[in-house]
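Chemist: What follows is a single structure, and I will ask about it in a moment.
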Amino acid sequence: MLAATLDRVGLEDRVLVLPPTPRDGSLTRQLLLDAGIASLLCDGLERICREVDRGAGAVILPEEAIGEPGIQRLVDLVERQPAWSDLPVLVLAKGIEPLRPPSTTLQRLGNVSFIDLPVRFETLVAAVRSALRARARQCQIREHLVRHERVEEALRQSEAHYRALFELAAAGMAQVDPGSGRLLRVNRKLCEVLGQTESDLLGRSLLALVSPDDQPEFERGVAALVAGDVAEYRAELRFAHPGGAPVWVLSSAVVVRDAAGRPLRVLCVLVDDSERRLAADALRESEARLRLALEAGRMGAWELDAALGRAVWSSSLEALHGTEPGPFSETVEEMFGRIHPDDREPVRASLAGSLDAGSDFRAEYRTLHPDGRVAWLESRGRVLRDEADGSLRMTGIAVDVTERRQAEETLREINLALRRSNEDLNQFAFAASHDLREPLRMVAIYSQLLPRRFGDRLNGEAGSFLQHVLGGVQRVDTLLSDLLVYSRVASPRDSTVELVDCGVALDAAIGNIRGAFPDSGAVVTRDPLPSVLAQSSHSILLFQNLLSNAIKFRSDQPPRIHVSAEQRSGEWLFSVRDNGIGIDPQYWKLIFGVFKRLHGREVPGTGIGLALCSRVVERYGGRIWVASEPGRGSTFFFTFPAGVAG
């Protein structure tokens, strides 16, 4: 309310006059005007009350007005004035008795003076000036009170603001006594950081909460701060925590001093830095592991800024180029300068294409070492776009693939040599099996002529020897015939394929072996079989050898053979199941080798049949294996990729 009256000071220099008569009013106003006093003539108590409410230095009333009904409103206005205000009221009266007791109304009006009528100039002016001086002193008191109230209000608001900031701050805050170092005030965040309650912390020494290893440094820093040697103290300290492990805290402190420079309190701000420290430690460990992984894997990291033409290499990448860390000038041109001249432009074009398309980059190229050595690197990168300015950069790794490239070259040479060796071996087997059969035929012919021409001269023992010769010739001829077939299957010369109906191929195989086992009583059943891309002769040969084995190695029961096929996992899986004598698991892999026989000469054959099956299946990218149990038959499985089957 005091502040609201400051804009009314100008009105409070005037005198409000309610004269007994108009003539008295004019006279009074003129007297005041001659004395340099501002006045306002009012035509009744109602006007007086309105103007008093606006502001006035004094009021002049006729004695008759004291008894009027309207005086009550003026009394109420006066009584509602603030404590500093005491409005002077001058009453014009006749025959004033100085000691007469004032009426109740006059008592309630407070500061009342009487002026005897008729009015004398000196008396009126002196009384009014005295009243205005008293009023001026009241206004001075009011202004002082207003200023004081404003200062107090500002202090209250400042204290409330500080208290709110202190309590609600996102960082821990504390007020510390500069003499004893004890905590005078703490906020909730500090309690949270240190894991203690406010009652646990207040009155304790802040130094005692610091980890022992950091206490000397903290004590020296705060002492210098309090002494005025430094304006602010900052440090990263460890503080004790009830949870066990200390917490890392970023600490800063300033001293609040009085007008004489004496320290009043130390204001500390404490921010929990544990997560950042943990993240920094984790980052350092990650970088160390990355460096170790890069070095162990013979890799290096790089980054390219396309707009600035700047490239950054890791130390391990510089090592891959045969240089010590440091000499790389971080320009794109120097980066390309390390690449072999024959590979430089292809790599540059590939990199530019990846940047233009925003696609991943991959290239293998040779690098030139300072000592003249050439190494192979495989580099991969990914394009990253800056969201702020749209600039492009690429980050990636390079791997030393020199040993792999050397191994690939060695493997190519070995494969080439092996291919030549296989071709030579196949040619030799073909020639040997073909050329050796001619002398065998001659041996067989002349062995058959001997008993015809010299039969009477040959005794029983000679005839037996001759039969052994003919049997050996027959076995060798069969062996050479199978070897010739094996070499033809293995030969890459004839690589043409056709869509072969496996059902038709199975029928052909059954027709081929029916005459060889007329009395076996074998029965062959089947499920629907697919068509595959192969050579028809190879498919027939595959089924023929599997069926022959099932019949040759039959049990006491007539052979029962079932052929089926199903598509699974992107390939056709064929099976040929029989009820024969079975195979011991230890021989499951052995039987697919050339000339591998488990039963000697007890069962006819050359030991090439299953090797032929394996060669046929592998030629078309398949696999072959057996599952069997002695006395319970066998099941031979082989596959063709689904891409070559229909």
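The values are calculated or read from the model by the stated rules, or taken from the named source; none is laboratory data. Nothing here was measured: the structure is a model prediction, and the numbers come from that model. Methodologically, a virtual Cβ is constructed for each residue, glycine included, from the backbone with ideal geometry; neighbour enumeration extends over all protein chains shown. For accessibility, only protein heavy atoms count, side chains too; no ligands or nucleic acids. Shrake-Rupley method; radii C 1.70, N 1.55, O 1.52, S 1.80 Å.
Chemist: Taking Leu90 as the residue in question, decide whether it is touching a Ser or Thr at 6+ places or on another chain (Cβ under 6 Å) and either at pLDDT 85 or above or crowded, with 18+ Cβ neighbours inside 10 Å (or both).
Modeler: Here the answer is yes, as Leu90 does meet what is asked.
Chemist: Another question, if that's okay. Looking at Glu152, Glu159, can you tell me which residue is open to solvent by less than 80 Å² (accessible area, probe 1.4 Å), closer than 30 Å to Gln175 by Cβ, at pLDDT below 70 and among the charged types (D, E, K, R)?
Modeler: Glu159
Chemist: Restricting the search to segment 524-551, which residues are free of Cβ contacts under 8 Å to residues at least 60 places away in the same chain and either in a loop (DSSP other than H, G, I, E, B) or open to solvent by 60 Å² or more (accessible area, probe 1.4 Å) (or both)?
Modeler: Answer for segment 524-551, where residues must be free of Cβ contacts under 8 Å to residues at least 60 places away in the same chain and either in a loop (DSSP other than H, G, I, E, B) or open to solvent by 60 Å² or more (accessible area, probe 1.4 Å) (or both): Thr525, Arg526, Asp527, Pro528, Leu529, Gln535, Ser537.
Every residue, every condition in (1) touching a residue at least 60 places away in the same chain (Cβ under 8 Å); (2) under 17 Å from Ser379 (Cα atoms); (3) among the charged types (D, E, K, R), yes or no:
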| position | (1), (2), (3) |
| --- | --- |
| Leu304 | yes, yes, no |
| Ala307 | yes, no, no |
| Ser315 | no, yes, no |
| Ala319 | no, yes, no |
| Asp343 | no, yes, yes |
| Ala357 | no, no, no |
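Chemist: Contact list please: Cβ distance under 7 Å, first residue in segment 26-45 and touching a residue at least 24 places away in the same chain (Cβ under 8 Å), second residue of a type in the set (Asp, Glu), pairs at least six apart or on different chains.
Modeler: Ala38/Asp13; Leu40/Glu51; Cys42/Glu51; Leu45/Glu68
Chemist: So which residues in segment 575-589 are closer than 14 Å to Arg623 by Cβ and open to solvent by 20 Å² or more (accessible area, probe 1.4 Å)?
Modeler: Trp588, Lys589, listed by residue number.
Chemist: Right, another one. Go through segment 120-135 and report how many residues are closer than 13 Å to Val15 by Cβ and open to solvent by less than 80 Å² (accessible area, probe 1.4 Å).
Modeler: Qualifying residue count, segment 120-135: 9.
Chemist: Right, next: Can you say whether Ala259 is within 39 Å of the chain's Cα centre (by Cα) and over 16 Å from Leu278 (Cα atoms), as far as the supplied structure shows?
Modeler: No, not satisfied.
Chemist: Here's something else I'd like to know. Among what's in segment 185-229 and is assigned to a loop (DSSP other than H, G, I, E, B) and within 37 Å of the chain's Cα centre (by Cα), pick the residue that is surrounded by the fewest Cβ atoms within 10 Å (Cβ to Cβ). Quick ask: steps written out before the conclusion?
Modeler: Kept after step one, since they are assigned to a loop (DSSP other than H, G, I, E, B), are these residues of segment 185-229: 187, 195-197, 202-204, 211, 228-229.
From what's left, within 37 Å of the chain's Cα centre (by Cα): 187, 195-197, 211.
Details: Asn187: 21, Gly195: 14, Gln196: 17, Thr197: 11, Ser211: 16.
Within segment 185-229, the match that is surrounded by the fewest Cβ atoms within 10 Å (Cβ to Cβ) is Thr197.
Chemist: Continuing with the same structure: Residues that are modelled with pLDDT under 80: list the strands (runs of 3 or more DSSP E) wholly contained in segment 262-365 that include at least 3 such residues. Walk me through it before giving the result.
Modeler: Details: elements: 263-272, 299-305, 310-313.
Of the strands (runs of 3 or more DSSP E) lying wholly inside segment 262-365, those with at least 3 residues that are modelled with pLDDT under 80 span 299-305, 310-313.
Chemist: Listed residues Ile581, Ile561; which is part of a strand (DSSP E or B), at pLDDT 80 or above, of a type in the set (Val, Ile, Thr) and more than 59 Å from the chain's Cα centre (by Cα)?
Modeler: Within the list Ile581, Ile561, the selection yields Ile561.
Chemist: May I ask you to list the residues in segment 15-44 that are part of a helix (DSSP H, G or I), open to solvent by 30 Å² or more (accessible area, probe 1.4 Å) and under 15 Å from Leu132 (Cβ atoms)?
Modeler: Matches in segment 15-44: Leu33 only.
Chemist: Filter segment 68-79 down to the residues that are surrounded by fewer than 13 Cβ atoms within 10 Å (Cβ to Cβ) and modelled with pLDDT under 80 and list them by number.
Modeler: Glu79
Chemist: Scan segment 22-39 for residues that are touching a helix residue (DSSP H, G or I) at 6+ places or on another chain (Cβ under 9 Å) and not hydrophobic (A, V, I, L, M, F, W, C) and jot them down.
Modeler: Residues of segment 22-39 touching a helix residue (DSSP H, G or I) at 6+ places or on another chain (Cβ under 9 Å): 28, 31-32, 34-35, 37-39.
Scanning segment 22-39 gives Thr28, Asp34, Ser39.
Chemist: When the residues of segment 116-145 are narrowed to those that are of a type in the set (Asp, Glu) and in a helix (DSSP H, G or I), which ends up nearest to Gly36 (Cα to Cα)? Break it down into steps so the answer makes sense when it comes.
Modeler: First, the residues of segment 116-145 that are of a type in the set (Asp, Glu): 116, 122, 143.
Next, only the ones that are in a helix (DSSP H, G or I) stay: 122, 143.
On the way: Glu122: 13, Glu143: 25 Å.
Applying the filter and picking the extreme gives Glu122.
Chemist: Here's a follow-up. Considering (1) part of a helix (DSSP H, G or I); (2) surrounded by 19 or more Cβ atoms within 10 Å (Cβ to Cβ), say which one Arg47 fails and leave the rest.
Modeler: Going through (1) part of a helix (DSSP H, G or I); (2) surrounded by 19 or more Cβ atoms within 10 Å (Cβ to Cβ) one by one, Arg47 breaks only (2).
Chemist: Counting only residues that are open to solvent by 40 Å² or more (accessible area, probe 1.4 Å) and small (Gly, Ala, Ser), which one in segment 352-390 is nearest to Ala306 (Cα to Cα)?
Modeler: Ala352
Results for (1) among the charged types (D, E, K, R); (2) farther than 14 Å from Phe637 by Cα; (3) modelled with pLDDT under 85, shown as yes or no for each residue.
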site	(1), (2), (3)
Leu547	no, no, no
Ala550	no, no, no
Glu571	yes, no, no
Val576	no, no, no
Thr606	no, yes, yes
Ser614	no, no, no
Trp625	no, no, no
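Chemist: If you check Asp7, Asp34, Asp13, which single one turns out to be at pLDDT below 70 and of a type in the set (Asp, Glu)?
Modeler: Only one candidate qualifies: Asp7.
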